[in-house]
Amino acid sequence: MKTGLKAASLVLMISMLTACGTDRDSNAPKLTNPKSSTSRTHEETSTATNANGTNGSTKASDSTSYSEKTPIKSDSPDSKTAESSSSKISSKSDSASGIQVVKDPTSITVLVNKTHKLPDGYVPPHLVYPKVAFPYSDLIEKRMMRDVAAKALESMFAAAKNDGIVLYGESGYRSYIRQESVYAYNVKTKGKAQASIVSAYPGTSEHQTGLAMDITAADVQDDLVQAFGSEPEGKWVAKHAHEYGFIIRYPKGKESITGYEYEPWHIRYVGVKAATYIYEHHLTLEEYATQKENS
Ligand SMILES: [Zn+2]
């Protein structure tokens, strides 16, 4: 098991994808977002249609210029090799895919990863627009979060501001429908093997829970890059996020467990109690879930 994990993690390190970056193939079909020329983030192909039917991001043109210098690595772990300590966590079996369907999709501590998927078509309850700053102005799908997480995000951003730290939301909720259409497109154009490398299998993106948000700051030009973790904003978030119920979901050094690269920008709401425990014990959500399972 240990050896298997090691081997798997090696493969992961060689070909790692951002957890958020599951559908950013610029050739993928877009609903309305015209930002395909940028390598800005995983989000560029995941923007949903807004009320105007336009992407209309006021900073879209700005982002084009700054996005080109800091592309996120676009490689990906093969989900089949992403064996983690969580693989025996309570879920009922899915089809032949080896991916399990989570039993408690609405739980704020639900584990969603490459081996644990949300039920097909799952839409989280009470999606709202958090009242925090975004580097674009439109009320589009990816701005949304579940209300409980949105409130926590607002509190956290306000506290950060009090400490002179200015944070921006970038990308939260991503619908199953959106994920599915991107994945299906990639299967059609690239084949199944490649599709699972460049896009998340529908239901396995944590963004679909409505409990995750990618955040950023001016210091990294509103981009989603690992450098965020070294900036004052990223450091503040790493230190204080748990006080508001958030964890850094993909920490450094835990890549073989989460199956994803270090992502200082991707925060996940799990509630203050769980977040504090996870923070104090330097755990991942996978490890936390395993502990809960065994206790
Ligand atoms: Zn993310």
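Check the range 267-287 and report whether any residue there is among the aromatic types (Phe, Trp, Tyr), within 19 Å of the chain's Cα centre (by Cα) and more than 26 Å from Lys151 (Cα to Cα). No, the range 267-287 contains no residue that is among the aromatic types (Phe, Trp, Tyr), within 19 Å of the chain's Cα centre (by Cα) and more than 26 Å from Lys151 (Cα to Cα).
Evaluation of Lys252 against the conditions (1) away from the ligand (no atom under 12 Å from the Cβ); (2) in contact (Cβ under 8 Å) with a residue 60 or more places away in the chain; (3) under 17 Å from the mean Cα position of the chain (by Cα) shows that the sole unmet condition is (2). Of the candidates Tyr260, Tyr269, the single residue that is within 14 Å of the ligand (Cβ to nearest atom), closer than 16 Å to Gly172 by Cα and not hydrophobic (A, V, I, L, M, F, W, C) is Tyr269.
Which of (1) under 17 Å from the mean Cα position of the chain (by Cα); (2) farther than 16 Å from Ala159 by Cβ; (3) among the hydrophobic types (A, V, I, L, M, F, W, C) is the odd one out, the single condition Val220 does not satisfy? Unmet for Val220, out of (1) under 17 Å from the mean Cα position of the chain (by Cα); (2) farther than 16 Å from Ala159 by Cβ; (3) among the hydrophobic types (A, V, I, L, M, F, W, C): (1).
For the criterion of being out of contact with any Cys (no Cβ under 9 Å at 6 or more places or on another chain), away from the ligand (no atom under 15 Å from the Cβ), in contact (Cβ under 8 Å) with a residue 12 or more places away in the chain and not in a strand (DSSP E or B), Ala200 fails. The selection criterion, being farther than 23 Å from Phe228 by Cβ and part of a loop (DSSP other than H, G, I, E, B), does not hold for Lys188.
Condition first: under 17 Å from Phe157 (Cα atoms) and within 18 Å of the chain's Cα centre (by Cα). Can you find one or more residues in the range 255-265 that meet it? The answer is yes; a qualifying residue exists.
Checking Gln221, Gln179, Gln194, Gln226 one by one, the residue that is more than 18 Å from Ile267 (Cα to Cα), surrounded by fewer than 24 Cβ atoms within 10 Å (Cβ to Cβ) and within 16 Å of the ligand (Cβ to nearest atom) is Gln179 and no other. Against the definition (in contact (Cβ under 8 Å) with a residue 60 or more places away in the chain, assigned to a helix (DSSP H, G or I) and among the aromatic types (Phe, Trp, Tyr)), how does Tyr288 come out, yes or no? Spelling it out, Tyr288 is indeed in contact (Cβ under 8 Å) with a residue 60 or more places away in the chain, assigned to a helix (DSSP H, G or I) and among the aromatic types (Phe, Trp, Tyr). Condition check for Leu283 on (1) in a loop (DSSP other than H, G, I, E, B); (2) at pLDDT below 95; (3) away from the ligand (no atom under 15 Å from the Cβ); (4) not basic (Lys, Arg): one failure, at (2).
The values are calculated or read from the model by the stated rules, or taken from the named source; none is laboratory data. It should be emphasised that the depicted structure is a prediction, and the values quoted were computed from it without experimental measurement. Cβ atoms come from the backbone with ideal geometry, glycine included; neighbour counts cover every protein chain shown.
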